[in-house]
Amino acid sequence: MAKYTESKCRLCRREGAKLFLKGERCYKGVCALEKRPTAPGQHGAARKKVSEYGLQLREKQKCKRIYGVLESQFKKYYLRADRMKGITGENMLSLLERRLDNVIYRMGIGSSRAEARQLVTHAHFAVNGRPCNVASYIVKAGDVITVKETKKDNKFFTEIKQMKVGAMPKWLEFDPESLTGKIIALPQRDDIDAQIAEHLIVELYSK
């Protein structure tokens, strides 16, 4: 599977927005975007006229990079959302939010989606009592996510038990003491804080 191995801070600079790809570093003064708020490359600071297509493309790229998915995966989410009832753009964001790696990140277990994805692929979690190491697994309302019993003594998770639960999306709940989370409901557009203009992505794929 293809994997991005270059500097993640370059992605934030290219999109001109914080994508929160590096956990705590993104909240500190060492953030590359704050130091160099221009696109990477020798022509990054040059002013460029952006076309309608360019705006749509940048929005798609930003969304892909926030959730850490490839083009083929992203296109499948769009096509699936288009077949669902409701607004296509909102359906697409809901599907992305319901990815298991994103849910783990939203629960505060991983400092970034990349770290949460690594925890999932290393088989630390079970969904409804069944082990799951598929980061793209789409959770449903009522699903219960737990850290596997054999992993709870891991130093990483013993520290999680002692943490205070921060702001949690209203569609999720998480108990750090038992290392158990639950999907209370499906995420709605108001529950998703990512600054994404999803209608531009729909317009791009609809051409």
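The values are calculated or read from the model by the stated rules, or taken from the named source; none is laboratory data. Computed from a predicted structure; not experimentally measured. Because the Cβ atoms are built from the backbone with ideal geometry, glycine has one as well, and the counts that use them run over all protein chains shown. Each accessible area value is taken on the protein alone, full model and side chains, heavy atoms only, with ligands, DNA and RNA left out. Shrake-Rupley method; radii C 1.70, N 1.55, O 1.52, S 1.80 Å.
The figures follow:
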quantity: In the range 140-159, residue modelled with the lowest pLDDT [restricted to those that are of a type in the set (Lys, Arg) and not in a helix (DSSP H, G or I)]; calculated: LYS152
quantity: Residues located in the range 68-104, provided they are under 20 Å from ASP191 (Cα atoms) and basic (Lys, Arg); calculated: LYS85, ARG98, ARG99
quantity: Residues located in the range 117-137, provided they are in contact with a strand residue (DSSP E or B) (Cβ under 6 Å, 6 or more places away or on another chain) and farther than 13 Å from LYS148 by Cα; calculated: SER136
quantity: Unique residue being surrounded by 10 or more Cβ atoms within 10 Å (Cβ to Cβ) and assigned to a loop (DSSP other than H, G, I, E, B) when the list is LEU186, LEU204, LEU200; calculated: LEU186
quantity: Selection from the range 65-91 of residues that are of a type in the set (Ser, Thr, Tyr) and surrounded by fewer than 18 Cβ atoms within 10 Å (Cβ to Cβ); calculated: SER72
quantity: Checking GLY108 against (1) surrounded by 22 or more Cβ atoms within 10 Å (Cβ to Cβ); (2) under 22 Å from GLU173 (Cβ atoms); (3) touching a residue at least 12 places away in the same chain (Cβ under 8 Å), the condition it does not meet; calculated: (1)
quantity: GLU149, sole failed condition from (1) open to solvent by less than 60 Å² (accessible area, probe 1.4 Å); (2) charged (D, E, K, R); (3) over 17 Å from GLY108 (Cβ atoms); calculated: (1)
quantity: The range 144-171, residues that are among the aliphatic types (A, V, I, L, M) and touching a helix residue (DSSP H, G or I) at 6+ places or on another chain (Cβ under 6 Å); calculated: VAL147
quantity: Some residue of the range 162-178 being under 19 Å from VAL69 (Cβ atoms) and either open to solvent by 40 Å² or more (accessible area, probe 1.4 Å) or part of a loop (DSSP other than H, G, I, E, B) (or both); calculated: no
quantity: Given (1) in a helix (DSSP H, G or I); (2) open to solvent by 30 Å² or more (accessible area, probe 1.4 Å); (3) among the charged types (D, E, K, R), number of the condition ASP101 does not satisfy; calculated: (2)
quantity: Residue, farthest from TRP171 (Cα to Cα), within the range 112-139, restricted to residues that are in a loop (DSSP other than H, G, I, E, B) and over 17 Å from the mean Cα position of the chain (by Cα); calculated: HIS122
